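Encoded as structure tokens, the structure appears first; notes follow it.
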Amino acid sequence: MSMRHLRVRGLLGRGLPSSGLSSSLLSSVVLSSGIWLAACGSDGGGASPTPPFGSTPPANATPEMQSPGAAPSPGDGSGDSPSNSNPGDANGGEMPASGTDSEGVDPEIGLAPGTDGANAGANEGTDPDEPAPTEPTPAEPTPAEPTPSEPEPAGPITLFLAGDSIVQTYADTPSTTDQAGWGQMLAGFFDADVTVINRAIGGRTARRFIDEGRLDDIVDELEPGDFLLVQFGTNDGNRTATYTIGDATIPYFLDPATDFRTYLQRYVDAARGRGANPIFVTPTPRNSAYCTGGNGTGAHAAAMNALGQEQGVPVVDLNAAAVAYLRQICPAPTPENFFLLRADGTVDGTHFQENGARILASFVADGLISIGAPFTAHRLAQ
């Protein structure tokens, strides 16, 4: 496993066309219906008043609520409570121009057999009243094929990640079963021109991340043309856990139809206010998705899809991709090689070990390419 934290700054290259995912499994990674994409990039003169990537849809557009995967399974909505978080969670450690061919050029004028343009007027028997034959009109030269312009090289890309323990970067050891987040694996799917800055931290909700000033910290570093990937929903469904800010005790739970959407909108506004590009990544399911397709985070994933469609925010539907992947695995693997194994050998059905995190990161990488983001030129063959 490798991690890269090289900062590369500069303007983004132009947006590249979207491309489909490579298999039927990944066909649901991106919610493309109803998303309006605009060209990426900025002139570097500061925040652009119009978002360079993604735009507000027409007023007559009718968003549709989509709930990827199966209906939520009972008991799946417990969330990633602080007690399940890493010890470091609580303290925040964590076409070309087409050429013109010669078709359509008038052919040369034909003459009678045995006659050429030089002696036609001297032939005996020619009626003197008839006008002398004219010289044939030379054919116009065929236009030269234009030389296609060379494509502009793709520029460097900076990705900021905001999220919870599913995305977070963890300490690496020689063990292949260490806890890992997809955020720490994402850079491995792109070349060195893509910089991933992972600010995700376990135990956070869309609201708590903001309450603790973590979104503000990201905004201070955002530059025009950067990308902000946002994934929450794992903890936002927890109906019992709370956290404290000052003297206030605040519940983790955010209703997916109301409060969750309200706080997600703040990420969109913050990114666009800096001329950056927000992208939603839907939350992963728990291990109940094995065989059955159980989807305890489905309601929050559906809310992200709906808000993304309404606000012109691209959505990488990681939830749908992961549910589809796990549903086809039956029975669950023994030993477990996707979800995290606790020290006592039991399975943590919410978090992931390195293999699972790497697979999830591949889904995110493919999703970024499919939504039209300018990552295609940087994608590494796996």
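Below is a table of values for the structure above.
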| read-out | value |
| --- | --- |
| Helices (runs of 4 or more DSSP H) enclosed by region 264-382 - at least 3 residues per element that are within 22 Å of the chain's Cα centre (by Cα) and under 21 Å from residue 191 (Cα atoms) | 354-370 |
| Candidates 282, 258, 262, filtered to the one that is surrounded by 24 or more Cβ atoms within 10 Å (Cβ to Cβ) and of a type in the set (Ser, Thr, Tyr) | 282 |
| Members of region 355-369 found to be surrounded by fewer than 23 Cβ atoms within 10 Å (Cβ to Cβ) and touching a strand residue (DSSP E or B) at 6+ places or on another chain (Cβ under 8 Å), listed by number | 358 |
| Residue match in region 317-324 (condition: surrounded by fewer than 24 Cβ atoms within 10 Å (Cβ to Cβ) and at pLDDT 95 or above) | yes |
| Leading residue by the ranking (farthest from the chain's Cα centre (by Cα)) among those in region 150-206 that are among the hydrophobic types (A, V, I, L, M, F, W, C), in a loop (DSSP other than H, G, I, E, B) and under 20 Å from residue 282 (Cβ atoms) | 201 |
| Scope region 194-214; condition surrounded by fewer than 21 Cβ atoms within 10 Å (Cβ to Cβ), at negative phi and not charged (D, E, K, R); matching residues | 195, 197, 210 |
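Per-residue answers, yes or no, for (1) among the acidic types (Asp, Glu); (2) surrounded by fewer than 13 Cβ atoms within 10 Å (Cβ to Cβ); (3) part of a helix (DSSP H, G or I); (4) modelled with pLDDT under 95:
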position: 224; (1), (2), (3), (4): no, no, no, no
position: 229; (1), (2), (3), (4): no, no, no, no
position: 236; (1), (2), (3), (4): yes, no, no, no
position: 240; (1), (2), (3), (4): no, yes, no, no
position: 244; (1), (2), (3), (4): no, yes, no, no
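The values are calculated or read from the model by the stated rules, or taken from the named source; none is laboratory data. Just so we're clear, the structure is a prediction, and the values are computed from it rather than from any experiment. Counting neighbours? That spans all protein chains shown, and the Cβs are built from the backbone with ideal geometry, glycine included.
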